[in-house]
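See structure below.
No value in this document is a laboratory result; all are computed from the given coordinates. A quick note: this is a predicted structure, and the numbers were derived from the prediction, not measured. Please note: Cβ atoms are built from the backbone with ideal geometry, for glycine as well, and neighbour counts cover all protein chains shown.
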Amino acid sequence: MQEFLEILGSAALYAAAVRLLVPLLFAAIGEIFAERAGLVNVGLEAMMLMGAFGGVLGAVDTGSAVLGLIIGVACGVTVAAIQAAIAINLGGNQIVSGIALNIAVLGLTSFLALTIWRNGNVPPVPGFGILDLPALASIPFLGTVLFRQTVFVYVAIIAVPVAWWAMTRTTWGLRLRACGEDPRAVDSLGIPVLGLRWQTMLIAGALAGLGGVFISLADVMTFSNDISAGRGFIALAVVIIARWSPVKAVFAALLFGGLEALALRLQTTNLHLPTDLLLALPYVATLLVYAGVVGRTVAPAALGRSYTRA
Amino acid sequence: MTAAAIVAVAIGVTACGSSSKPAVTKTTAHQHAATTTSQSKAARAISVAMAIPGPIDDKSFDEMGYEGLQECKANGARTTYKAEVATPEFSRVLQTFARSSEVVIGDGEEFAEVTEKLAPEFPQTKFIVAADPIKPHHSNVEALEPNSTQSAYLAGVVAGEATKTNKLGGVGGFEFPVLRAQMQAFEAGAKAVNPKATMKVVYLGSFEDAAKGREAATSLAASGVDVVYHIADNAGVGVIDGAQASGIKAIGWGKNQHALAPNTVIASQIVNLAAMIKSACSAIAAGKFEGGGVVMAGLESGVVGLSPIYNEPSSIQATVESYRKKILAGSVSVPSIGGGIPASGPKSD
């Protein structure tokens with residue numbers, strides 16, 4: 001039991017939780033933009049995986065982590081553009097196209113990795129190292145958890161209030177939310193619904209790509225098949241638990257990332273808890289929170305419906 | 001995945017079609033036989049299909065299965081495969097293969113249950129489950145089992161010698177019996193040379209999630225572990241990366257993984273499943289199939305072993321050699337590969 005409390009009180013656990021929540025948070029924030037504008041983007045996983053792949057490809061080819069990041073984000077945006085074209089312009093079923101993209105990108109990245117890096121021999125990747133923030137890093141506990149991390153963590157910390165502000169305090173955000181509730185009303189005011197939806201989808205692609213780049217350039221520092229390992233799907237759950245709020249998304253992602261980090265650490269204690277139960281913890285807790293704490297969730301009224309002028 | 005399935009089925013159908021023209025395929029078999037040395041004269045062209053659970057370039061388990069299949073192909077077999085087969089697809093993929101191929105290989109013990117279920121439906125098909133220590137129920141199923149606890153024991157010897165903190169870590173994909181047995185053998189090997197050594201084992205619940213593998217290695221390092229061993233395929237890449245980032249040593253699994261992180265990977269436990277699959281194919285081509293049995297291959301066959309040791313005193317190599325001899329002579333008892341299987345058995349249906 002003491003061991004358990006020691007783990008719960010260790011800064012290392014929360015630092016790990018932060019690392020595990022960052023990709024979820026980026027993807028979830030992007031998804032919130034898209035869903036608030038009325039788009040269901042099940043292809044989040046594809047955008048993350050493509051971002052992770054593009055990041056490594058770019059970083060290896062150019063020798064620069066920053067260029068790798070830009071290329072990775074661009075890859076995420078490219079996948080988002082396909083989804084946007086299908087969902088927004090062609091009026092296709094958004095869930096079907098998202099699933100199709102997930103399958104296609106999983107195959108595509110496996111294939112490309114195999115052909116470009118023969119037999120998966122990915123060369124050493126110039127990645128992002130730990131960047132201690134002066135002064136802040138020396139704060140006891142909190143410094144280790146939040147400020148001895150890679151630059152992605154700091155960007156995530158800034159991204160949350162920026163996303164909240166953009167969505168709730170700007171005209172653009174108001175219009176975007178209106179697109180998700182009643183696109184016809186938005187259109188009747190002469191505001192381009194399709195254009196706004198395109199913007200949010202590209203933002204979702206960029207942020208999911210950024211989450212993928214974090215995994216492959218700042219966390220694992222290489223590419224292996226299916227490296228996003230379903231995080232895009234978890235991010236979709238995060239969005240619902242967070243009730244489409246970027247601020248609440250932090251807590252939903254923390255719940256998941258924290259329990260994932262905890263499950264790995266609890267296995268090393270003498271408590272002898274069943275491994276499978278521990279590994280299921282994040283999923284079980286997510287379900288419980290969804291069923292109990294969150295209460296009734298009201299999705300944007302026009303979510304998943306394509307808009308065509310009558 | 002779907003696209004891959006279509007391609008695989010298409011190839012399967014092609015293979016089926018060409019089997020009706022034995023004259024043509026026989027010629028190819030002989031052409032290949034001429035170029036390969038260890039080919040039996042009686043060998044005929046067999047059709048082999050393989051279901052692989054993960055990607056074929058994982059530098060570990062799945063890649064070896066694929067390589068084994070390629071070696072069968074080089075020996076004249078007509079081959080087809082499907083990689084990244086998810087658990088719900090096991091049955092469908094194996095059925096498709098069983099209709100069109102003479103030999104169907106499930107690459108990993110996770111295929112055992114489905115194979116046993118399908119075997120009576122396809123009595124003409126020879127099923128092989130690679131890396132499965134449990135004796136099959138049906139006479140058209142053969143299990144191949146590299147005696148990997150022997151090599152895990154040797155890897156443990158290296159770790160026991162290399163550790164300074166006397167704390168060792170193990171990261172596994174899933175808590176499969178075969179993995180648990182190897183973790184136990186690794187610990188036994190380490191304790192044989194270093195009685196003070198202790199070991200902590202973490203399972204990821206994934207053979208894919210490299211980020212989680214990295215986090216597991218990082219957390220083990222934080223708890224004082226200075227040598228981490230993995231049996232996690234693709235996720236093991238993350239384990240090695242985490243070890244490198246934390247400045248601790250790592251021991252790879254499957255193939256020699258030294259190149260992944262030359263300053264970190266001090267040795268790799270070699271489990272050459274490819275060689276086992278290749279010889280199983282050659283045996284079938286020559287008319288030998290041990291249906292209903294488990295084919296084991298250990299240190300004596302060279303299927304399992306240890307890679308060269310890097311960045312460590314050369315005395316460790318001598319210690320490993322002495323333990324290798326002891327295992328072969330039977331004077332050291334290594335936990336059995338079936339040692340982690342509960343008496344009731346997961347497959348006693």
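Name the lysines eligible as straight-distance cross-link partners of residue B:73: C-alpha to C-alpha under 23 Å, and not fewer than 8 places from it in the same chain.
Straight-distance partners of residue B:73: B:21, B:26, B:41, B:59, B:82, B:126, B:255, B:278, B:288.
Give me the one-decimal nm value for the distance between modelled label points at residue A:62 and residue A:99, 7 Å along each residue's Cα-to-Cβ direction.
Inter-label distance under the simple model: 3.7 nm.
Amide H neighbours of residue A:39 under 5 Å, counting only residues 5+ apart in sequence or on other chains, H built in-plane at 1.01 Å?
Correct list: A:304.
For the range B:155-287, report the translational diffusion coefficient in µm²/s to the nearest whole number, using Stokes-Einstein at 37 °C, 0.692 mPa s, and a Kirkwood Rh over Cα pairs.
On the way: Rh = 14.8 Å.
Rounded, D is 222 µm²/s.
Nothing charged except the Cβ atoms of Lys and Arg (+1) and of Asp and Glu (-1): what's the magnitude of the dipole of the range A:23-228 about its Cα centre? Round to the nearest 20 debye. It would help to have the intermediate numbers written out before the result.
On the way: 8 positive and 10 negative charges, 53 e Å.
So the dipole magnitude of the range A:23-228 works out to roughly 260 debye.
Which value at 222 nm does the protein assembly as shown reach when only helices count, each DSSP H run of 4 or more adding -39,500 (n - 2.57), with the total divided by all residues and rounded to the nearest 500 deg cm²/dmol? Kindly include the intermediate steps, with their values, before the conclusion.
Numbers: 24 runs with 356 residues, N = 659.
When only DSSP H runs of four or more count, the value is -17500 deg cm²/dmol.
Cross-link candidates for residue B:212: which aspartates and glutamates have Cα within less than 14 Å, leaving aside residues fewer than 8 places away along the same chain?
List returned: A:219, A:226, A:260, B:233, B:241.
Specify the inter-centroid distance of the range A:250-307 and the range A:145-202, based on alpha-carbon positions, in whole Å.
25 Å
Show the residues, 5+ positions off or on another chain, whose built amide H is closer than 5 Å to the amide H of residue B:265.
Result for residue B:265 returns B:250.
What residues qualify as long-range amide H neighbours of residue B:105, i.e. H under 5 Å apart, gap of 5 or more or another chain, H built at 1.01 Å from N?
Sorted by chain and number, the residues that satisfy this are B:49, B:50, B:51, B:128.
Quickly rank B:186-194, A:37-45, A:285-293, B:300-308 as a protection proxy: mean count of other C-beta atoms within 10 Å, highest first. Don't skip to the end; give the middle numbers.
On the way: B:186-194: 23.0, A:37-45: 28.9, A:285-293: 12.9, B:300-308: 17.9.
Descending packing order for the listed peptides: A:37-45, B:186-194, B:300-308, A:285-293.
Can you tell me the order of A:178-184, A:92-98, B:203-209 when each peptide is scored by its average per-residue count of other Cβ atoms within 10 angstrom, highest first? Could the numbers behind the result be given before it?
On the way: A:178-184: 20.1, A:92-98: 17.9, B:203-209: 25.3.
Highest mean packing first, the order is B:203-209, A:178-184, A:92-98.
Of A:66, A:190, A:40, which is farthest towards the positive pole of the range A:23-228's charge dipole, taken about the Cα centre with +1 and -1 on the beta-carbons of Lys, Arg and Asp, Glu respectively?
Most positive-ward Cα: A:190.
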